[in-house]
């Protein structure tokens, strides 16, 4: 049976070290609490650690966990807390019986940190790949305000909404991607396998080839005989692009192109605006101050420096006394609809609700684009790939027709 070493404090304030044997840490904590002790720290007794166990400990929290798993954890923990189960016992229970092999050890570690005196948001913050800044900020607000169970419900809704949008985008892109990859495979077979065979036949007959046939044969020859050079050129272009986007100027230009590119620019912008408004509304409803909300948003938008710099500028303006709507308008990054609705929310005292309504509007815009994209991209790909194959087939049959005329 495992042994746990702990530092405890009795009712008189005297601190001391002790040890207890129990099946699990949760049972050890419960046994000590029943005796009236305050647990300042508790850890399993150290045994000689193997290299495998040390590597296993280092891997705890190193992998991202699926959104629906985290949403389920937040909802379950909220339910347990609302039912009167102590926080440490609830987290330990969920950790020990978690069906996700990555989340379970993380929750056990979180429970141990809380038992050692850390707050919940501090314990979660030690695993940034699992619990992002929005998580820790909302939990901190719930702890300070005394409504942790409600904050966890808000977190669950936030994670579900985030996961739902991600799944919609993946679903919309999955079929076109598979179709494109399969089509590229067929085209490669035509160019590398079939066209060279006919090239030898045409060479034996020594006939003048149409321009379209010459172009296709040249492409086929280049791909079949100089594929390594082509791969190196493509690799150099890709490497140069990543190098360019790694420097501040290049990154800023590339991220600006994300927001302004034809067709997809507005879609990407709407995704960012929906994410921003959803997160801000959730945090404000959880009781987080506006400055802290904007600080969290800064850290959440590392993926686009244009949005991040705009939020930083707005945060500085708000800190200097300007209103949120005025600060956002001044950046000239966010649309007028957003800033005007924010102004209405500030004047009516219903800013979180207005932001929630706005996020629903942008989410609907994203959903409509995905529906139209899914409906249009399939026929576009089929027609496009079909046209390329038709050109290849035509380039082969034109000389054949010419040869048949000569033979006739």
Per-pair calculated FRET efficiency, R0 = 51 Å: residue 101 and residue 38 via Cβ, rounded to 0.05: 0.95
Fewest-first ranking of 366, 305, using other Cβ atoms within 10 Å as the exposure measure: 305, 366
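From Cα pairs below 8 angstrom and at least 6 apart in sequence, can you work out the relative contact order of the chain, rounded to a whole percent?
Over the chain, the number comes to 13 percent.
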Helix 227-246 vs. the chain, principal-axis angle (Cα, 0 to 90°, nearest 10): 40 degrees
The chain: calculated mean residue ellipticity at 222 nm from DSSP helix runs of at least 4, using -39500 (n - 2.57): -25000 deg cm²/dmol
Sites residue 170 and residue 227, calculated FRET efficiency, Cβ-Cβ separation with R0 41 Å, nearest 0.05: 0.85
Helix 211-225 vs. the chain, principal-axis angle (Cα, 0 to 90°, nearest 10): 50 degrees
Top of 137, 359, 18 by mean-square fluctuation, Gaussian network on the chain, Cα under 10 Å: 18
Length gained when the stretch residue 368-residue 382 is fully extended (0.36 nm per residue, less Cα-Cα span): 2.8 nm
Exposure proxy ranking, count of Cβ atoms within 10 Å, fewest first, for 254, 227: 227, 254
Correct option for Cα extents along the principal axes in Å [calculated from the coordinates] among (i) 109, 68, 52; (ii) 112, 61, 37; (iii) 93, 58, 43: (ii)
Helix 305-319 axis, angle to the chain major axis (alpha carbon atoms, nearest 10°): 30 degrees
Ranked list, fewest to most other Cβ atoms within 10 Å of each Cβ, for 397, 273: 397, 273
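FYI, it's all coordinate maths here, none of it is from the lab. Just so it is clear, the model here is predicted, and its values are computed rather than measured. Every residue, glycine among them, receives a Cβ derived from its backbone with ideal geometry; neighbour counts consider all protein chains shown.
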